[in-house]
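Scroll down for the structure; my scribbles are underneath it.
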Number of protein chains: 4
Amino acid sequence: MRNTFGNILTLTTFGESHGPAIGGIIDGFPAGVKIDTVQVQQQLDRRRPGQSAITTARHEDDKVQLLSGIFQGETMGTPIGFIISNKDHRSTDYSEIARGFRPSHADYTYQAKYGRRDYRGGGRSSARETACRVVAGALAAQALNTLGITITAYTSQVADIKVEDPYNKLDLSIVDNNMVRCPDAAKAVAMIDAIAQARKQGDTLGGIVTCVAQGVPPGLGEPVFGRLNAQLAAAMMSINAAKGVEIGLGFDFVTRRGSQVLDHFTRLENKIHTTTNYSGGIQGGISNGEDIYLDVAFKPVATLMQDVDTVDLQGDPMVLHGKGRHDPCVVPRAVPIVESMTALVLLDNYLLNKTIHL
Amino acid sequence: MRNTFGNILTLTTFGESHGPAIGGIIDGFPAGVKIDTVQVQQQLDRRRPGQSAITTARHEDDKVQLLSGIFQGETMGTPIGFIISNKDHRSTDYSEIARGFRPSHADYTYQAKYGRRDYRGGGRSSARETACRVVAGALAAQALNTLGITITAYTSQVADIKVEDPYNKLDLSIVDNNMVRCPDAAKAVAMIDAIAQARKQGDTLGGIVTCVAQGVPPGLGEPVFGRLNAQLAAAMMSINAAKGVEIGLGFDFVTRRGSQVLDHFTRLENKIHTTTNYSGGIQGGISNGEDIYLDVAFKPVATLMQDVDTVDLQGDPMVLHGKGRHDPCVVPRAVPIVESMTALVLLDNYLLNKTIHL
Amino acid sequence: MRNTFGNILTLTTFGESHGPAIGGIIDGFPAGVKIDTVQVQQQLDRRRPGQSAITTARHEDDKVQLLSGIFQGETMGTPIGFIISNKDHRSTDYSEIARGFRPSHADYTYQAKYGRRDYRGGGRSSARETACRVVAGALAAQALNTLGITITAYTSQVADIKVEDPYNKLDLSIVDNNMVRCPDAAKAVAMIDAIAQARKQGDTLGGIVTCVAQGVPPGLGEPVFGRLNAQLAAAMMSINAAKGVEIGLGFDFVTRRGSQVLDHFTRLENKIHTTTNYSGGIQGGISNGEDIYLDVAFKPVATLMQDVDTVDLQGDPMVLHGKGRHDPCVVPRAVPIVESMTALVLLDNYLLNKTIHL
Amino acid sequence: MRNTFGNILTLTTFGESHGPAIGGIIDGFPAGVKIDTVQVQQQLDRRRPGQSAITTARHEDDKVQLLSGIFQGETMGTPIGFIISNKDHRSTDYSEIARGFRPSHADYTYQAKYGRRDYRGGGRSSARETACRVVAGALAAQALNTLGITITAYTSQVADIKVEDPYNKLDLSIVDNNMVRCPDAAKAVAMIDAIAQARKQGDTLGGIVTCVAQGVPPGLGEPVFGRLNAQLAAAMMSINAAKGVEIGLGFDFVTRRGSQVLDHFTRLENKIHTTTNYSGGIQGGISNGEDIYLDVAFKPVATLMQDVDTVDLQGDPMVLHGKGRHDPCVVPRAVPIVESMTALVLLDNYLLNKTIHL
């Protein structure tokens, strides 16, 4: 329950930032899916630290080793175990961080919860754990692709630089054309500029990732506590630094009247569709066959390259000196993570749905 | 997994809107908690249809019968089963609704998922199910109260009428002074007026419920997939008509710089606290002892008292005639539901936390 | 986890022996299964107290009320909630039992675990809870029947009176021809006689229930922790008074050599079968298409109609006076319970199996 | 659910017999437990192939690498990931086994379930997976030891050579004095002799492992579906080749009268105890503070060093030639596995029990 995600398809992860390795086990993955391991590594590379000028300089190869569950290029129906070695844990001086709590980090809450913490690089609270999600998500995406389901996320806002067009007015095939992963080229330039400037100032920026799932059949999602809304929200809000999520119109629904936002039905090529999609492809917690789209708000990360006043374990004042290698804005690297969590939710629900009828 | 919520403390619910009864089973509720059943009924009455001029006219007594798990006024540690009878299922003519899909409702998605649906009053997709959550939440709240944890929700926005003050500038003891459950008296008047007007027009309004949990000890929440952010988001987004959730600053984080929103530590009465609370009481997915606060966005419900164009089971055009009894704005009745889901999450995590040490 | 059984198909139960009602929620039951409610009640009647001269005289109608999840005679895919009222809780004098622990009962362990107990009729520890399992099992059996899977249990031993023939030499259609539910008519007479005599002496007898599942397709069961062996064993050992379980040859395997008990393969009507079935239809934890058969050992119940020395809450000696209405041998009434648990396991695994392939 | 065991404390395993590695993730392990990694390896060595003259000659170092969750010699409360490399997968000729089904093995059932199988060394169905359980069990045992709970298993029967004394008449400290792990020295000699002889004949033997848990406090186990009986039975029957389990008197209860097997209460050193322990330390599914003891029946393994008639994938007859390296009797190596599963169940329930009270 704690380090496991999913119902039928489950991902369990382990690993601290500066231990020998992180890794995971994917259970319930369907048998007989052809796996392209190169593509898994490519998705992992999109999350990798040190990939571009606007990410952390921490260098990790992030080569995943798939240890089980795949035989002769196909999944076996047995659990897929994998590890990613941690290579670049420099012999840093941890004495300061061992003794003080970084503000708005997990240092204090881990200490309060467990009575101890692995202070090296944030230990288990480090976003390094999300690399495991990307491995699982990339595998899930391959299964979904064979079903005609595709998932694309992109950076839709950094600080106050916002893509105004909705996802269906954008060319989602060019997301990776720039290092901020924004399909609006002009906004991308502005975003990169803003991030570079924040980095110079030792400061950080927040942003929004928008994610779109296309080709999702009607019927996915469980109607009560397992509404697709709820499952996707949990998936997104389980990502480090995520602080808000909305589906379809989301918060914009609040100021609309019911009569303005009904998604009317029509028949298209002998299938029932809606003429608009305010609902974001989910009604009554269940997919209706239209595109699912959602936004995830990420706060500016709390690790500043500045000296910061804080307290130590006893609550006495101390100063933490800004150092290390960190992202001035996590949003571009969060893009493949958001895609991965979406893929896990959708494949899980696709499988679960097969149990509805005898 | 489908109709069950929680890890240690679980609520499983059953029931269709127009069947003989709805009900649930609460498992894992701690033993030895004194239960005030009158107070459970009072919370249920806050969600009850027909309670005020701005809610649906459907009349239900909503008297809960607690069938097990409580003996001599105390919980036993055994499951608490309960039912609520459905009294007012008038002999309506269902022929139209049996044949057509109400737009932006769950009619089509249930049909697509299960190949059938109980069309009477929305069947399982009806928000009537949430009455069961209120029963469980009211019991959980009583357990939390003995620990000094209190939860209060209120209507903070209806359409474009928005309470500007943050929760800690409001008097949360007066939430029930008006029927819209808004602690800002002037805004409450405007909200009620707006709802009344929408009702006259056969239209509906959206809104926001804000929820605050106070007295939560540090350490609650599981660090990875079970982040308190994620659990609360899932809880909220599992409520009918919820389409967005944010914790702490939420979406407002996006335009702030990291240096502006650090929650600095300080020592207060020999405890570590933060001087600000942008994080909303949760850091690294774990409570830090500050107030937890969150917003839930509700869309304007799709049931209009107007004739609506739609399609039938075959996709052929038809008209559904607006009738029945419905809420022009669900937000006031959602207040106790949001409180209930928050209570369930917090008590569940409180119990789970006891397993961390031998 | 505590009062819930199953993975995809789950049964959660509630209720104390002498509370207003017991009941349960069946979740994950497939949609579109035609339900014969009369047949459910018939199976419940086979477990009912007071049904024959060799069972307890406690009188309960045990009429189940199905409250949800079934519409127009078919399952909906939504949870099936049900209750069974407790009618015959006479105004007994509980003062003795409230103060003392019945030996080999759950009185002491409940008190130790929860710090309290509902002493009226054993509270939650009463086998009355198993009536809920029979409701769920009867529904599951109806779904299994449409798949050609049938489950039959019978009394194969009472005290030292043992049916010597294996299940496949017996006529399983005549199980209910006698009140001990033994398909060997001569042994049935001896068993009934032994039970009657034990009752006269205020004593109780143990026995064995054998259960056979036929028509189970190959492939059911999960290979590691969810081996069909393990799931069935847990199901059986969760029944009150069960103390042993064996599958196929079971304990008799111990004295055989590997070469004597290989189940050799052969082709029959173009399907692969085994020529013997020592394995009991399960190999590597997965069904192989042959009959599944198992034995469950029940201890003689601890409630004697005799005065019994024991201790009170403080550990001081006291005498409990034998009274009340109890079964001298629970085995005949356990037959439908064993069938029910087997049905739940098999339907659950049948559904789970559908998720193996995309 | 499939490859995960436990409720609060969970073990998830992965790995095929001849893949690069097997491994697992232990989640929910309590924080602050001092870990002796040497002792973990020692327990693993007791299960290791090639350890003695009566086990398989397959050589594996079976060195476990603990990758996370332990810091400065103590558990952190975070998941403990580990791997064990597979070293000795010789370049065997798999062509025969790829094409035929070994009788009474999992070859056919895996093929039927998944439509494919990893035929190299049995793939996932190999008992090699149980090495992961021993790692987790050894860690759990260390936590239990700090609570005064100890678990000892031993070989109590091989073929028809049976230890007649009950566990409490034996010196359990000498279990490892002989390679068959039987604390009755004379019987051990006979067992070893029998196994050696079976090996010479290319045949295999079954047997029984008895396990004793001492120092278990009253109150462990969940009363209904999670009875300690049920959890232990599932744990045992999830072990390869296990076909029967009994707790306390088990199957011997069947021929006793209730009045003969009541465990009467008495007060001892101000605690309530029983004067006998027919129940095996569990009453009403909950531990009563007495020793828990149980038996597990293992069938003679199906891998004979003889030529065996069988069928191929199409059901056509073929002969499999006996070769490879296998155990003539798995019982001695099953001893640490039975201990491990018992440790996992008890620690899990100990932790779960902490959630009963606020």
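Looking at the stretch A:124-241, what helices (runs of 4 or more DSSP H) fall wholly within it and have at least 2 residues that are more than 18 Å from the chain's Cα centre (by Cα) and either of a type in the set (S, T, N, Q) or at pLDDT 95 or above (or both)?
Details: elements: A:130-146, A:185-200, A:228-237.
Counting at least 2 such residues, we get A:130-146, A:185-200.
In the set (1) of a type outside the set (Lys, Arg); (2) touching a residue at least 24 places away in the same chain (Cβ under 8 Å); (3) within 7 Å of chain C (Cβ to nearest Cβ), D:THR210 fails one condition alone, (3). Residue-level check: of (1) over 25 Å from A:ARG333 (Cα atoms); (2) more than 8 Å from chain B (Cβ to nearest Cβ); (3) surrounded by fewer than 24 Cβ atoms within 10 Å (Cβ to Cβ); (4) not aliphatic (A, V, I, L, M), A:ASP193 misses just (1). What are the residues in the stretch A:80-115 that are within 14 Å of chain B (Cβ to nearest Cβ), outside any helix (DSSP H, G or I) and of a type in the set (Gly, Ala, Ser), if any? Residues satisfying the conditions are A:GLY100, A:SER104, A:ALA106, A:GLY115. Has the stretch C:341-355 got at least one residue that is farther than 30 Å from C:GLY215 by Cα and either within 10 Å of chain D (Cβ to nearest Cβ) or in contact with a Pro (Cβ under 9 Å, 6 or more places away or on another chain) (or both)? Looking through the stretch C:341-355, none of the residues is farther than 30 Å from C:GLY215 by Cα and either within 10 Å of chain D (Cβ to nearest Cβ) or in contact with a Pro (Cβ under 9 Å, 6 or more places away or on another chain) (or both). Looking across A:GLY24, A:GLY50, one residue alone is buried (at least 24 other Cβ atoms within 10 Å of the Cβ) and not acidic (Asp, Glu). It is A:GLY24.
For the stretch D:135-157, residues that are over 14 Å from D:ASN168 (Cα atoms) and either within 14 Å of chain C (Cβ to nearest Cβ) or of a type in the set (Phe, Trp, Tyr) (or both) total 4. Reported count of residues in the stretch B:311-336, each being within 7 Å of chain A (Cβ to nearest Cβ) and either in a loop (DSSP other than H, G, I, E, B) or crowded, with 24+ Cβ neighbours inside 10 Å (or both), is 1. For the stretch A:196-203, the criterion of a residue being in contact with a helix residue (DSSP H, G or I) (Cβ under 7 Å, 6 or more places away or on another chain) and in contact (Cβ under 8 Å) with a residue 40 or more places away in the chain is satisfied by at least one position. Residue pairs whose Cβ atoms lie under 6 Å apart, separated by 6 or more positions or on different chains, with the first residue in the stretch B:326-342 and under 20 Å from B:GLY121 (Cβ atoms) and the second of a type in the set (S, T, N, Q) and part of a helix (DSSP H, G or I), are B:ILE337/B:THR130.
Here are C:ALA343, C:ALA334: which of them is of a type in the set (Gly, Ala, Ser) and in contact with a helix residue (DSSP H, G or I) (Cβ under 6 Å, 6 or more places away or on another chain)? Give the derivation first.
Numbers: C:ALA334 fails: in contact with a helix residue (DSSP H, G or I) (Cβ under 6 Å, 6 or more places away or on another chain).
Answer to the check: C:ALA343.
The single condition among (1) part of a loop (DSSP other than H, G, I, E, B); (2) away from chain D (no Cβ under 14 Å); (3) modelled with pLDDT under 95 that C:GLY77 does not meet is (3).
When C:GLU269 is tested against the conditions (1) within 18 Å of the chain's Cα centre (by Cα); (2) modelled with pLDDT under 95; (3) charged (D, E, K, R), the lone failure is (1).
When the stretch A:284-312 is filtered for residues that are in contact with a helix residue (DSSP H, G or I) (Cβ under 6 Å, 6 or more places away or on another chain) and more than 30 Å from A:ILE208 (Cβ to Cβ), only A:ASP312 remains.
When each of D:ASP184, D:ASP165, D:ASP176 is tested for being acidic (Asp, Glu), closer than 29 Å to D:THR12 by Cα and in contact (Cβ under 8 Å) with a residue 12 or more places away in the chain, the lone residue that passes is D:ASP176.
Could you list, in sequence order, the residues of the stretch B:232-261 that are facing another protein chain (nearest Cβ under 7 Å), polar (S, T, N, Q) and in contact with a helix residue (DSSP H, G or I) (Cβ under 7 Å, 6 or more places away or on another chain)? Selection gives B:SER238 alone. Criterion applied to D:ASP327, D:ASP307, D:ASP348, D:ASP316 was being touching a strand residue (DSSP E or B) at 6+ places or on another chain (Cβ under 7 Å) and either modelled with pLDDT of 95 or more or not aromatic (Phe, Trp, Tyr) (or both), and the one residue passing it is D:ASP307.
Are any residues in the stretch D:272-304 in a loop (DSSP other than H, G, I, E, B) and out of contact with any strand residue (DSSP E or B) (no Cβ under 6 Å at 6 or more places or on another chain), and if so, which ones? Show your work before the answer.
Our first condition is that a residue be in a loop (DSSP other than H, G, I, E, B); within the stretch D:272-304, this holds for D:275-281, D:284-285, D:288-291, D:299-304.
Passing the criteria: D:THR276, D:ASN277, D:TYR278, D:SER279, D:GLY284, D:GLY285, D:ASN288, D:GLY289, D:VAL301, D:ALA302, D:THR303, D:LEU304.
Being more than 8 Å from chain D (Cβ to nearest Cβ) and either in contact with a His (Cβ under 6 Å, 6 or more places away or on another chain) or over 24 Å from C:LEU228 (Cβ atoms) (or both), is that true of even one residue in the stretch C:270-277? Looking for residues that are more than 8 Å from chain D (Cβ to nearest Cβ) and either in contact with a His (Cβ under 6 Å, 6 or more places away or on another chain) or over 24 Å from C:LEU228 (Cβ atoms) (or both), one finds at least one in the stretch C:270-277, hence yes.
Given the condition touching a residue at least 24 places away in the same chain (Cβ under 8 Å), more than 7 Å from every other protein chain (Cβ to nearest Cβ) and either under 21 Å from C:MET191 (Cα atoms) or polar (S, T, N, Q) (or both), answer yes or no: does some residue in the stretch C:213-224 qualify? Reasoning before the result, please.
In the first step, residues of the stretch C:213-224 are kept if they are touching a residue at least 24 places away in the same chain (Cβ under 8 Å); the result is C:213-224.
Filter again for more than 7 Å from every other protein chain (Cβ to nearest Cβ), leaving C:213-217, C:220-221.
Those still in the list that are either under 21 Å from C:MET191 (Cα atoms) or polar (S, T, N, Q) (or both) too: C:214.
So far as the stretch C:213-224 goes, yes, one or more of its residues are touching a residue at least 24 places away in the same chain (Cβ under 8 Å), more than 7 Å from every other protein chain (Cβ to nearest Cβ) and either under 21 Å from C:MET191 (Cα atoms) or polar (S, T, N, Q) (or both).
Flag not set for D:GLY281, criterion: buried (at least 19 other Cβ atoms within 10 Å of the Cβ), facing chain C (nearest Cβ under 8 Å) and either more than 12 Å from C:PHE101 (Cα to Cα) or out of contact with any Leu (no Cβ under 7 Å at 6 or more places or on another chain) (or both).
D:ALA185 - would you say it is among the hydrophobic types (A, V, I, L, M, F, W, C), within 13 Å of chain C (Cβ to nearest Cβ) and surrounded by fewer than 24 Cβ atoms within 10 Å (Cβ to Cβ)? Spelling it out, it is not the case that D:ALA185 is among the hydrophobic types (A, V, I, L, M, F, W, C), within 13 Å of chain C (Cβ to nearest Cβ) and surrounded by fewer than 24 Cβ atoms within 10 Å (Cβ to Cβ).
The residue that is nearest to D:HIS357 (Cα to Cα), counting only those in the stretch B:2-21 that are crowded, with 22+ Cβ neighbours inside 10 Å and of a type in the set (Gly, Ala, Ser), is B:GLY6.
The values are calculated or read from the model by the stated rules, or taken from the named source; none is laboratory data. Predicted, not measured: the structure shown is a model, and the values here were computed from it. Don't worry about glycine lacking a Cβ; one is built from the backbone with ideal geometry, like all the others, and counts go over all protein chains shown.
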